[in-house]
Amino acid sequence: MKAGLHDRNGREGADFYARLPVFDHFSQLTDPGLYMPAPDDWILGLSDIVRSTTAIGAGRYKEVNTAAASVIAAMSNRLGTSEFPFVFGGDGASFALPASQSEVAREVLAAVAAWVQDSFDFELRVALVPVADIRASGHDVRIARFAASPDVSYAMFSGGGLAYAEKRMKEGAFAIPPAPPGTLPDLSGLTCRFDEIRPERGVILSLIILPDPVASAEAFNALVGQVLALAEGHEAGRPFPDEGPPVPSPFKGFAIEAKTFGKNGPGFGKLAAMAFMRLFAFMVFRFGLKVGKFDPARYRHQLVDNTDFRKFDDGLRMTLDCTPALADRLEAMLQKAERKGIARSGLHRQDAALMTCFVPSPTRADHIHFVDGAMGGYAMAAKALKPAI
């Protein structure tokens, strides 16, 4: 990113994210000292699929996840890096950037909205919100960096500003109109090849916990700590096996991935090449073949470490493989916390998880993988949330 921007204290702000301390124990996420205020002259980019639960009800959850992840893929490709703050929410995605990148962000969001409409007939609501406006409304945007692995870190957001910006976007504020039909963002590396991942412990649980507006930070953080302690026990774990998800079918998600070339997909030549590469990749993974610098065993290990299955964006979100008994205990705990006015929560149980990937290069270690529940996930958990008073 370019230097020369200044935050509200007069310090250079363009390299704000690069300067953030990185923590590698997820249980530290409630430590307020890890979150630094985003510079005043930064912006938040936001997106949300309108009527996503209707699409999910029609069995189109893979398309919903792909559309949401496309925002991050397109922005990463335009910037030439994934080292910027972003968060995947299942049926939407958000990011933060310096104001010097606002026009780039606007172009990318508009292009993605057009592509999502063309490809899936979804309305993708997109907006750009200045951090200064959020602070003027009494909220804050504070960001931390969690290292999921030595190669990939994900942003965590606190301060209520991201949630406020999403609310304003859904009210129609700060809206960006879609680009003209046929506009195609650069979606190189966006893939959706893995099969649905069945739980080993009984159920895939999508979980959202948001602080009640009147709750103390201490009470909410204590609740999050209790939930994480249960989630990190023997009855729960990542929503995929330790060795990674099953070997993907060669043509799983082929039609969706073909749409990254445009509304009508790639030409016959590119379509044939894409089919060949998918079949070749299937053979490489199926038989563990090393090809040049690519080692499928190493890639699968990196995939497990790099996957974003838990996050904090003004609230805790997790996708877990857990026992039905633990899901019951978590639900009872959170219902009790709601009665006490500590938090609002939404849970959704399903029998599989879904992975959407952004792989700029299969030989690099910084590939990114997003996990959601395969039958609605975060979107359905959000629907179960009680409205804030």
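A few remarks follow.
- Residues in the stretch 31-76 that are part of a loop (DSSP other than H, G, I, E, B) and acidic (Asp, Glu) were compared, and the one that is surrounded by the most Cβ atoms within 10 Å (Cβ to Cβ) is ASP40.
- Selection status of ARG349, farther than 18 Å from CYS192 by Cβ and not assigned by TED's automatic domain parsing to the domain that holds PHE23: no
- Neighbours by Cβ (under 9 Å, 6+ apart or cross-chain): first from the stretch 162-185, in the same structural domain as GLY89 (by TED's automatic domain parsing); second among the aromatic types (Phe, Trp, Tyr) and part of a loop (DSSP other than H, G, I, E, B): ALA165/PHE174; ARG168/PHE174
- ALA165 within 16 Å of SER47 (Cα to Cα), modelled with pLDDT of 95 or more and not in a helix (DSSP H, G or I): no
The values are calculated or read from the model by the stated rules, or taken from the named source; none is laboratory data. What you see is a predicted model, and the numbers here were worked out from it, not measured in a lab. Every residue, glycine among them, receives a Cβ derived from its backbone with ideal geometry; neighbour counts consider all protein chains shown.
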